[in-house]
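Take a look at the structure below.
The values are calculated or read from the model by the stated rules, or taken from the named source; none is laboratory data. Source: prediction; values computed, not measured. Here the Cβ is made from the backbone with ideal geometry for all residues, glycine too, and neighbour counts use every protein chain on show. All accessible areas refer to the heavy atoms of the entire protein, side chains included, with ligands and DNA or RNA removed. Shrake-Rupley method; radii C 1.70, N 1.55, O 1.52, S 1.80 Å.
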Amino acid sequence: MLKFNHEKLRAARRGKNYTLQDVADRLQIELHAYWRLEQGQTQLKVDQLLKLIHIFDKPLEYFLEETSTFHEVTDKITDLKILVKKLDHNELDIESFQKGIEMVETSLIPNLK
């Protein structure tokens, strides 16, 4: 999963020597609304993200980061692929396969809440 990195927003603003008000004006939002974006207290809208990319001349990837949940889910998908491959090659019986699936689900579900 990707999430907006509000700390990089602050760093980009400071790197350009813009004030909070400068960026708020460019985004056409109130100063307090921009401050809340920089603090991570409010959700960023897609159109705002596109404007920020233009304002700071940064790629989209600069403002986004992968969460640890993304990596955990990717690892679990790999585990599932291994289980399916073993089942396909008759290296695993159905009961063991089901137990493997349950273990993956048990380890994954708490991270998705």
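Observations, loosely collected:
- Test result for ILE53, modelled with pLDDT of 90 or more and either open to solvent by less than 80 Å² (accessible area, probe 1.4 Å) or part of a helix (DSSP H, G or I) (or both): yes
- Condition met for PHE97 (in contact (Cβ under 8 Å) with a residue 40 or more places away in the chain, aromatic (Phe, Trp, Tyr) and open to solvent by less than 60 Å² (accessible area, probe 1.4 Å)): no
- Residues being aliphatic (A, V, I, L, M) and more than 21 Å from the chain's Cα centre (by Cα) - total across the range 1-44: 7
- Applying the condition of being open to solvent by 70 Å² or more (accessible area, probe 1.4 Å) and charged (D, E, K, R) to the range 59-87 and asking which residue is modelled with the lowest pLDDT yields GLU66.
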